[in-house]
Amino acid sequence: MTSTQVQEYRGRFAPSPTGPLHFGSLIAALGSFLDAKHHQGAWLVRIEDLDTPRCIPGAADAILRTLEEYGLHWDESVMFQSNRNSAYEDALIQLTSKAAAYPCACTRKEISDSALTGMGIDGPVYPGTCRNGIPAGKTARAWRANTDLPGTQTQRIEFEDLVLGKQSQDLEKESGDFILKRADGLFAYQLAVVVDDASQGITHVVRGADLLASTPRQIYLQQQLGFPTLLYLHLPVAKNPAGEKLSKQTLAPAIDVSRSPLLLMEALVFLGQTPPKDLATYPNEDILNWAITNWDREAITNQLATGN
Ligand code: GLU
């Protein structure tokens, strides 16, 4: 499907409540909001509280409050992944019934000890030990996607990123048979995000380029589950002076609401947009209205091209 065929734009921001919003997540929130609103689309919020051990109590509320204080008002009700287990289970059953998913008995150590294990984009690539059945005497721990499904041309996934252009990944070699349900019983991000994007009717995914390498896995699952393939736009990722991605792990500071006009302006500049300087003296709503009208995807491309 090309962008001209898309009738309706439905975008989303999907934060994990592992801490308060920081400048890096503001970039993803603002970029997805502006791209949706510039195209008269809907902008939805989904709280990705799937990995419960990593979620911080109160973080989801704090994120939603901060979005509102910044003037980033969402459409429709907020989806919470913690309520969605049966939808993920259904998808896993569907994948398993067509051999696109299989149970796996391997431990992490067995995988890293295997002579067949190679390094992929996200670490060790699963050597496929349980692809054709669990070895006798072992029991299933996790569930994996089969990236070498007989009879399908699945190995190479290609897509056109709306900013970064043509992307291509050899799924089997670079991602391997990735996890869909973990040994601790939790569903994996890759499966949940695909099921939820489809269920929320999302058409455009605008998010940080740190997730670019996940997109082929998600497109593959969309294909296997019979969901439409979405359009993707990956934004530059904010880093700290040490060159690390801003995140909870790198101790990114929470964004301070009292500095919201200034931080919104900084986020716009980071995204390659050129707001007039005096806009910083206006309320958040005015800044956002200017940014919606003047949103320019090409400017994001330029910023990446200069390596900023
Ligand atoms: N929950 C993911 C994160 O916070 C984002 C997922 C996505 O946008 O697809 O990094």
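The values are calculated or read from the model by the stated rules, or taken from the named source; none is laboratory data. If you're wondering where the values come from, they're calculated on a predicted model, not measured in any experiment. Because the Cβ atoms are built from the backbone with ideal geometry, glycine has one as well, and the counts that use them run over all protein chains shown. Side chains included, ligands, DNA and RNA excluded: accessible areas come from the protein's heavy atoms. Shrake-Rupley method; radii C 1.70, N 1.55, O 1.52, S 1.80 Å.
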(request) Could you identify the single residue in LEU164, LEU180 that is within 16 Å of the ligand (Cβ to nearest atom), open to solvent by 20 Å² or more (accessible area, probe 1.4 Å) and under 22 Å from THR215 (Cβ atoms)? (result) LEU164
(request) Any chance you could count how many residues in the stretch 19-43 are assigned to a loop (DSSP other than H, G, I, E, B), away from the ligand (no atom under 15 Å from the Cβ) and not small (Gly, Ala, Ser)? (result) 2
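State yes or no: is THR96 assigned to a loop (DSSP other than H, G, I, E, B) and either among the polar types (S, T, N, Q) or within 16 Å of the ligand (Cβ to nearest atom) (or both)?
No; evaluated as a whole, the condition is false for this residue.
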(message) Among (1) more than 24 Å from ALA145 (Cα to Cα); (2) surrounded by fewer than 16 Cβ atoms within 10 Å (Cβ to Cβ); (3) within 20 Å of the chain's Cα centre (by Cα); (4) of a type outside the set (A, V, I, L, M, F, W, C), there is one condition PRO57 misses while meeting the rest; what is its number?
(response) (3)
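Each row is one residue, and each column tells you yes or no for (1) in a loop (DSSP other than H, G, I, E, B); (2) open to solvent by 20 Å² or more (accessible area, probe 1.4 Å); (3) farther than 17 Å from SER32 by Cβ; (4) at pLDDT 95 or above.
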| residue | (1), (2), (3), (4) |
| --- | --- |
| LEU264 | no, no, no, yes |
| VAL269 | no, yes, yes, yes |
| GLN273 | yes, no, no, yes |
| TRP290 | no, yes, yes, yes |
| ASN308 | yes, yes, yes, no |
(message) It is to be established whether one or more residues within the stretch 139-160 are under 25 Å from the mean Cα position of the chain (by Cα) and in a helix (DSSP H, G or I).
(response) no
(request) Would you point out the residue of the stretch 223-245, among those that are closer than 20 Å to ILE121 by Cα and open to solvent by less than 30 Å² (accessible area, probe 1.4 Å), that is farthest from the ligand (Cβ to nearest atom)? (result) PRO236
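Among the residues of the stretch 69-82, is any within 16 Å of the ligand (Cβ to nearest atom), more than 17 Å from the chain's Cα centre (by Cα) and either more than 23 Å from ILE219 (Cβ to Cβ) or not in a loop (DSSP other than H, G, I, E, B) (or both)?
For the stretch 69-82, residues within 16 Å of the ligand (Cβ to nearest atom), more than 17 Å from the chain's Cα centre (by Cα) and either more than 23 Å from ILE219 (Cβ to Cβ) or not in a loop (DSSP other than H, G, I, E, B) (or both): present.
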(message) Which residue is farthest from GLN190 (Cα to Cα), if the candidates are limited to the stretch 112-130 and must be open to solvent by less than 60 Å² (accessible area, probe 1.4 Å) and in a loop (DSSP other than H, G, I, E, B)?
(response) SER114
(message) Restricting to the stretch 183-209, and then to whatever is open to solvent by 30 Å² or more (accessible area, probe 1.4 Å) and in contact with a Ser or Thr (Cβ under 9 Å, 6 or more places away or on another chain), can you tell me which residue is farthest from ALA142 (Cα to Cα)?
(response) TYR189
(message) Residues to consider are TYR70, TYR88; find the one that is among the aromatic types (Phe, Trp, Tyr), more than 30 Å from ASN289 (Cβ to Cβ) and surrounded by 14 or more Cβ atoms within 10 Å (Cβ to Cβ).
(response) TYR88
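Could you please let me know if SER16 is within 16 Å of the ligand (Cβ to nearest atom), under 19 Å from LYS181 (Cβ atoms) and surrounded by fewer than 17 Cβ atoms within 10 Å (Cβ to Cβ)?
Against the criterion (within 16 Å of the ligand (Cβ to nearest atom), under 19 Å from LYS181 (Cβ atoms) and surrounded by fewer than 17 Cβ atoms within 10 Å (Cβ to Cβ)), SER16 does not qualify.
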(message) Here are the criteria: (1) within 16 Å of the ligand (Cβ to nearest atom); (2) open to solvent by less than 10 Å² (accessible area, probe 1.4 Å). Tell me which single one ASP49 does not satisfy.
(response) (2)
(request) Go through the residues of the stretch 212-222 one by one and say whether even a single one is within 13 Å of the ligand (Cβ to nearest atom), in contact with a Ser or Thr (Cβ under 8 Å, 6 or more places away or on another chain), of a type in the set (Phe, Trp, Tyr) and open to solvent by less than 40 Å² (accessible area, probe 1.4 Å). (result) no
(message) Suppose the filter is more than 15 Å from SER214 (Cβ to Cβ), under 18 Å from the mean Cα position of the chain (by Cα) and without any contact (Cβ under 8 Å) to a residue 24 or more places away in the chain; does GLY201 pass it?
(response) no
